[in-house]
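Got a structure for you, written out below as structure tokens; questions coming shortly.
The values are calculated or read from the model by the stated rules, or taken from the named source; none is laboratory data. Worth saying up front: this structure is predicted, and the values here are computed from it rather than measured. Cβ placement follows ideal geometry from the backbone for every residue including glycine, while neighbour counts extend to all protein chains displayed.
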Amino acid sequence: MVTPIVPVDTRYSYDVHRSWEAFDMMGNLFEMEFSGVSLPSDDAEDGIVVSQGEIFSRDGSPVEVFSMSGIRMASTGLSSGVYVVRSQDGTVSKVAVR
């Protein structure tokens, strides 16, 4: 049996759409977060803080910031977007700057 994966908080919308009846998959949907991007308010849990276009480590240790295409960026003066951040301990996170 196939389990279709849909974005988080959309299961009901997919479930009520009649097209699933043709595939006998109604009620067999699985929700998943596809982007892997944390909201800025959640980033502090990973030790990363995002504030006014700046990304920094909560403990003050240096972080490396990269664009989604892998270009190294300064950690300050960032425009809105999604960035990859590597912490001093080697942990890599995706964060959003709003």
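Of the conditions (1) exposed (fewer than 13 other Cβ atoms within 10 Å of the Cβ); (2) touching a helix residue (DSSP H, G or I) at 6+ places or on another chain (Cβ under 9 Å); (3) among the small types (Gly, Ala, Ser); (4) at pLDDT below 85, Ser19 satisfies every one except a single condition; which number is it?
(2)
Let me ask something else about it. Select from segment 1-16 the residues that are of a type in the set (D, E, K, R) and surrounded by 10 or more Cβ atoms within 10 Å (Cβ to Cβ) and write down the one among them that is modelled with the highest pLDDT.
Here is the first cut: in segment 1-16, the ones of a type in the set (D, E, K, R) are 9, 11, 15.
The next check asks that each one be surrounded by 10 or more Cβ atoms within 10 Å (Cβ to Cβ); those that pass are 11, 15.
Working: Arg11: 77, Asp15: 74.
Restricting to residues being of a type in the set (D, E, K, R) and surrounded by 10 or more Cβ atoms within 10 Å (Cβ to Cβ), the top hit is Arg11.
What pairs come out if I take residues in segment 63-92 that are part of a loop (DSSP other than H, G, I, E, B) and pair them with residues that are surrounded by fewer than 14 Cβ atoms within 10 Å (Cβ to Cβ) and charged (D, E, K, R) whose C-beta lies under 8 Å away, six or more apart or interchain?
So the pair list comes out as Ser80/Arg98.
Of all residues in segment 41-61, count the ones that are surrounded by 13 or more Cβ atoms within 10 Å (Cβ to Cβ) and modelled with pLDDT of 85 or more.
The qualifying residues number 9.
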